[in-house]
Each structure stands twice: as C-alpha cells, then as structure tokens.
Amino acid sequence: MEIVKKHEIIVEEILEKYPKTRNDDFLLYAAVCQAYGLDIRNDTIANWAKNHKELGYPAFTSINRARLRVEERRPDLVGSIKQSRLEKANAIKKELGYETN
C-alpha cells in the first residue's frame, strides 16, 4: 500500500507541474520514471519489456491507476481530452433523461 501512495503523490505532483502529461500516458510514465531516478532515455522498448522488473521500473498499469485515483480526487488535473469525453457523455445522458453529476 505504501508504494501505491508514493505513486499517487508523484503522479499528482507531475500532473500539477507538467500539464502535457494530463493527456499523454507515455509522457506521464516517462516523468514518473525520471522522478524515481530511472533514466529511460537510452533504453529500448524491447529491453524495458523484458527486464522492467529487474531494472526497477514501476508497472505501467500502476501509474495509470494512480492517475485515475488522483483525477477522482482532483478533477482540476483531468486532461482536456478526458474532460471533453466526459462532457459529451453527460450531454448524451441528459438527452436520454438520465441524471448526471
């Protein structure tokens, strides 16, 4: 649980500081790796895929889940693409007579 909280703290800081990471999972992941002191600039995808655990890289899905938890708590950090999708979904729900938040 401790590592999950650490991911959330780092993800929140990155989303605040670098707005471009709000719309790009790969940019967010790269920034998280850098925050952990991991240099991914010279690594290949093949090496990362085969050896990510041994190299100490966080799981991509863990970072994505941390982002979702942060966005739930901090709607101001939701990216513009996701925000646009949410607005469209709410408009459709309203049109169909469903309640929206």
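Read-outs: derived from the displayed coordinates by stated rules, not from any lab. Computed from a predicted structure; not experimentally measured. Here the Cβ is made from the backbone with ideal geometry for all residues, glycine too, and neighbour counts use every protein chain on show.
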Practice problem: Any chance you could run the full-extension gain for Asp76 through Lys88? It's 0.36 nm times the residue separation minus the Cα-Cα distance, nm to one decimal. | Solution: 2.6 nm
Exercise. Select one label from (i) -0.47, -0.54, -1.18; (ii) -0.35, -0.41, -1.25; (iii) -0.58, -0.61, -1.15: the one whose number is log10 I(q)/I(0) by the Debye sum over Cα atoms at q = 0.12, 0.13, 0.23 Å⁻¹ as derived from the coordinates shown.
Key: (i)
Quiz item: List the trypsin sites (Lys or Arg not before Pro) in the stretch 1-74 that DSSP assigns to loop (not H, G, I, E or B) and whose Cβ has at most 16 other Cβ atoms within 10 Å. Which are they?
Solution: Arg41
Exercise. For the stretch 28-41, take each phi angle, set θ = phi - 60°, evaluate the Karplus expression 6.51 cos²θ - 1.76 cosθ + 1.60, and give the result in whole Hz per residue in order, putting x for glycine and proline.
Key: 4, 4, 4, 5, 5, 4, 5, 4, 7, x, 9, 9, 9, 4
Quiz prompt | Flagged links, alpha-carbon separation over 29 Å, of Lys17/Lys50; Lys5/Lys94; Lys20/Lys53; Lys5/Lys50 | solution = Lys17/Lys50; Lys5/Lys94
Quiz item: DSSP loop chymotrypsin sites (Phe, Trp or Tyr not before Pro) in the stretch 17-101 with at most 16 other Cβ atoms within 10 Å of their Cβ, which ones?
Solution: Tyr36, Tyr98
Self-check item: Check: the stretch 2-96 dipole with +1 on Lys, Arg Cβ and -1 on Asp, Glu Cβ, in debye
Solution: 300
Exercise. Would you be so kind as to identify which of Leu86, Thr44, Ile9 lies farthest towards the positive end of the dipole of the chain, taking Lys and Arg as +1 and Asp and Glu as -1 on Cβ and the Cα centre as origin?
Key: Leu86
Exercise. Return the whole-Å distance between the Cα centroid of the stretch 76-101 and the Cα centroid of the stretch 1-59.
Key: 28
